[in-house]
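S.K.: Shown below is the structure under consideration.
The values are calculated or read from the model by the stated rules, or taken from the named source; none is laboratory data. None of the values given here were measured: they were computed from a predicted structure. Don't worry about glycine lacking a Cβ; one is built from the backbone with ideal geometry, like all the others, and counts go over all protein chains shown.
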Amino acid sequence: MTTDVPRLDIPALLAALTLEEKAALLDGSDFWNSQAVERLGVPAVMLSDGPHGVRKQPEEGDHLGMLDSVEATCFPPAAGLASSWDVDLVNRVGEALGREARAERVSVLLGPGVNMKRSPLCGRNFEYYSEDPALAGELGAAWVNGLQSQGVGASVKHYAANNQETDRMTVSAEIDERTMREIYLPAFETVVRKARPWTVMSSYNKVNGTYVAESRELLTEVLRDDWGFDGLVVSDWGGAGRRPESVAAGLDLEMPSSSGAGTKLILDAVAAGTLSEADVDQAVTRVLTLVDRVRDSLPTGRTFDREAHHALAREAAAASTVLLKNEGGILPLDPNSGGTVAVIGEFARSPRYQGAGSSQVNPTNLESALDALRTALDGRREVVFAQGFEVESPDADPELVAEAVAAAAAADVAVVFLGLPASYESEGYDRSHMDLPAHQIDLLHAVADANPRVVVVLSNGSVVTVAPWQDRAQALLEGWLLGQAGGGAVADLLLGAANPSGRLAETIPVRYEDNPALGAFPGAFGTVRYGEGLLIGYRWYDARKLAVAYPFGHGLSYTSFEHSGLTATVVADGAEPRVEVSVTVTNTGERAGTETVQVYVTDPEASVYRPEQELRGFARVALEPGESKTVTVELGHRAFAYWHEAVRRWVVEGGVFGIRAGASSRDIRQETTVELAGDHVVLPLRDDSTAEQWLAHPEAGAWLRAALDVDGEGGGMAGMLFDPHAGQMVRAIPLERLARFPGFPVDHDQIADALKKFNAS
Ligand code: BGC
């Protein structure tokens, strides 16, 4: 991208800056801007929320969504957008956000949020993509690529393991290493590797007792050394930790301004010799690199096309909606004929379109479903509205209920808009339960008693219980929070102007009590234990063979699809395996529609516990009626690997893997296998390694067999090692202990020598 703003000469600047100026550069200048160094021509750059719109505050700032911000397009928040499973769409939303940010001279947009949805009760789930790291990572990368193509930096957040709001600024998430690597880090890793974000935001919380802000392991060893991140780490607002320690750990920029406190702490630590000037220089280099990277966002006078962005928001909202059920094909409603449509529920008139907190956008426009339905039906079908309930009231209003029942009774169909009041879910606190307000459910029963032709449209940022009442609705549209154009999108879907294509990015469990984090979430006394390990979301429901209300990946269409011809071809084996999975999809219905083929991998022969199946790839395909297309998903090393805690790296265990392809995690249509050679893992031997581990070692095993004379007479203890019955028990004994037993043919000194020799090789 060309730009008029000159590039920074970073080495020259480093030489010219005083230590005081350098320390100041590591602090914000106010709520949203970095520091400028005017004498050297270093401009300040502005960082703003994010992620589903530009929340630029012209005057005073706050990070809690309380004060005003400029008008900007409010796209669907992540919970909705993720349900699109549409990498191209998310990329286009990212581009549009980039254009709006540039028009406002915002250089970094604070998103995307790729934390895992560990518990349905996390108050901020509306801002996160999924319970699955592969899906969150792919969508997050698409968003960052789109945004940064416009010269505006992303800030992937909240790194890492910030999966609850309770005690978010102090809680320690206690997570084992394998779970961290396989569940809580990969979405960040994918974004870093595939989209090279210019910034990452460190989270407020601790991981295993250390504040992320001060964790060299997370901010430098994993993020930079392992994944190759070459950008800047910014603190979450007010979460920079002990400043000298956080600079040394790899946290470059403290936001918002610490009013000089952070700068002084840094200077004092350098003077005392507890923080090196080299660490300061490195952080300053990263700040200057960011300023240089975002230079194209700095010129003023740019604009964006509000109408085009609103239209994109409408497209995104339609793609974000998931048709959960559609009995008897009640949807779509015929726009040209049929009786009165009763539209019931305050959400139809006053949409809940985004969540509360720092991501709150001031929309350029706001469509209600009620207005959009009236416009679309334009007198062809009568639309009658009944409010039904007061959104924030804990109680039913008998008059409103009676009015809704009367409207339903007199109508051909009742479209009932239910949802979570805004106060139920927000940044800063978690939900206490997963249910809709009881009076809304009572209303639904009353309406369905009056007219069984009921369609329910949900507005909720995180998953709600549907099992106890969903049989009262013939169709159920999960609308999440759909942004400013959600009303129009819902009308498009209800009337068939758009065909639903969303798929669940999170499981809808039957009841909250089925969730694996039950009891552990949100922890107590400053600690939350992730005892369920790898088994979050569908990994848990599958492992326990639990019934769910709607499975991960589920979503219906107004047409139908047939899957056929699954093939999985190993195109490369060895250290970097590549497997191509192809599926042919045919549109067997009468409308154009879009299917999402999901590819899950299983490892039935694993020597460690592995989840029943894991999403490793997906592909969307748009098809005209009768049309067929073949989609291909490529799987690489990581699709088959697990994190090996002993050698601390990813390992593919050679053998047979299952490849499942289908329309949801519980609608696997076809299955096949591939065989891979796998990685060669040699576990280093220790002085307490078991005989089994010694025998498994390629060289030490051969030495031990020879020393034990297993092919010769070697009876006694040595012979027992290979006894078909007792062998397993004996081989579990550390070799060094066996050597102490009377008559064992290898002694302690020989083992000590072997240990040195084979570990050195
Ligand atoms: C939130 C971040 C946000 C920041 C700035 C914090 O409270 O956790 O997501 O980007 O404030 O508003």
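S.K.: Of the conditions (1) away from the ligand (no atom under 14 Å from the Cβ); (2) of a type outside the set (A, V, I, L, M, F, W, C); (3) more than 24 Å from GLY61 (Cβ to Cβ); (4) in contact (Cβ under 8 Å) with a residue 40 or more places away in the chain, GLU217 clears all except one; give me its number.
M.R.: All conditions are met except number (4).
S.K.: Restricting to region 612-643, name every residue that is more than 20 Å from VAL570 (Cβ to Cβ) and free of Cβ contacts under 8 Å to residues at least 60 places away in the same chain.
M.R.: VAL621, ALA622, GLU624, GLY626, GLU627, SER628, LYS629
S.K.: Counting only residues that are hydrophobic (A, V, I, L, M, F, W, C) and not in a helix (DSSP H, G or I), which one in region 220-233 is farthest from the ligand (Cβ to nearest atom)?
M.R.: So, considering only residues that are hydrophobic (A, V, I, L, M, F, W, C) and not in a helix (DSSP H, G or I), the one farthest from the ligand (Cβ to nearest atom) is TRP227.
S.K.: Just a yes or no: is a residue in region 335-350 surrounded by fewer than 17 Cβ atoms within 10 Å (Cβ to Cβ), out of contact with any Lys or Arg (no Cβ under 7 Å at 6 or more places or on another chain), polar (S, T, N, Q) and outside the structural domain of ARG503 (by TED's automatic domain parsing)?
M.R.: Scanning region 335-350 turns up no residue that is surrounded by fewer than 17 Cβ atoms within 10 Å (Cβ to Cβ), out of contact with any Lys or Arg (no Cβ under 7 Å at 6 or more places or on another chain), polar (S, T, N, Q) and outside the structural domain of ARG503 (by TED's automatic domain parsing).
S.K.: What number of residues in region 29-68 are among the small types (Gly, Ala, Ser) and away from the ligand (no atom under 11 Å from the Cβ)?
M.R.: 6
S.K.: I want to confirm something. Restricting to region 163-182 and keeping residues that are among the aliphatic types (A, V, I, L, M) and touching a Lys or Arg at 6+ places or on another chain (Cβ under 8 Å), which single residue is nearest to the ligand (Cβ to nearest atom)? Explain how you work it out, then say what you get.
M.R.: Quick first cut of region 163-182, residues among the aliphatic types (A, V, I, L, M) only: 169, 171, 173, 175, 180.
Subset that is touching a Lys or Arg at 6+ places or on another chain (Cβ under 8 Å): 171, 173.
Values: VAL171: 14, ALA173: 15 Å.
It comes out as VAL171.
S.K.: While we're looking at this one, here's another question. Would you please list the contacts, defined by Cβ atoms under 6 Å and residues six or more apart or on different chains, that run from a residue in region 521-540 that is outside the structural domain of ASP167 (by TED's automatic domain parsing) to a residue that is surrounded by fewer than 20 Cβ atoms within 10 Å (Cβ to Cβ) and among the aliphatic types (A, V, I, L, M)?
M.R.: What qualifies is ARG529/ALA520; GLY531/ALA520; LEU535/ALA543.
S.K.: If only one of ALA160, ALA101, ALA96, ALA154 is more than 15 Å from the ligand (Cβ to nearest atom) and hydrophobic (A, V, I, L, M, F, W, C), which one is it?
M.R.: ALA96
S.K.: If you don't mind, there's one more thing I want to ask. Consider GLY241 against the criteria (1) modelled with pLDDT of 95 or more; (2) within 16 Å of the ligand (Cβ to nearest atom): it satisfies all of them except one. Which criterion is unmet?
M.R.: Condition not satisfied by GLY241: (1).
S.K.: While we're here: For region 205-214, name all the residues that are among the hydroxyl-bearing types (Ser, Thr, Tyr) and either surrounded by fewer than 23 Cβ atoms within 10 Å (Cβ to Cβ) or touching a helix residue (DSSP H, G or I) at 6+ places or on another chain (Cβ under 6 Å) (or both).
M.R.: THR210
S.K.: Can you find even one residue in region 281-291 that is buried (at least 22 other Cβ atoms within 10 Å of the Cβ), assigned to a loop (DSSP other than H, G, I, E, B) and in the same structural domain as THR199 (by TED's automatic domain parsing)?
M.R.: Looking for residues that are buried (at least 22 other Cβ atoms within 10 Å of the Cβ), assigned to a loop (DSSP other than H, G, I, E, B) and in the same structural domain as THR199 (by TED's automatic domain parsing), one finds none in region 281-291, hence no.
S.K.: Further question on the same structure: Determine whether VAL144 is outside the structural domain of LEU635 (by TED's automatic domain parsing), closer than 22 Å to PHE31 by Cα and surrounded by 24 or more Cβ atoms within 10 Å (Cβ to Cβ).
M.R.: So VAL144 fails the test.
S.K.: Among the listed residues ALA187, ALA249, identify the single one that is surrounded by 24 or more Cβ atoms within 10 Å (Cβ to Cβ) and within 16 Å of the ligand (Cβ to nearest atom).
M.R.: ALA187
S.K.: Pull up region 611-631, narrow it to residues that are within 22 Å of ALA505 (Cβ to Cβ) and of a type in the set (Lys, Arg), then point me to the one that is nearest to the chain's Cα centre (by Cα).
M.R.: Among those residues, the one meeting the criterion is ARG616.
S.K.: Contact list please: Cβ distance under 9 Å, first residue in region 188-205 and closer than 20 Å to GLU131 by Cβ, second residue within 14 Å of the ligand (Cβ to nearest atom) and of a type in the set (Asp, Glu), pairs at least six apart or on different chains.
M.R.: Listed pairs, sorted by first residue: SER203/ASP236; ASN205/ASP167.
S.K.: Scan region 144-188 residue by residue and report those that are out of contact with any strand residue (DSSP E or B) (no Cβ under 7 Å at 6 or more places or on another chain) and either among the basic types (Lys, Arg) or under 26 Å from ARG295 (Cα atoms) (or both).
M.R.: Correct list: ASN145, GLY146, SER149, GLN150, GLY151, ARG168.
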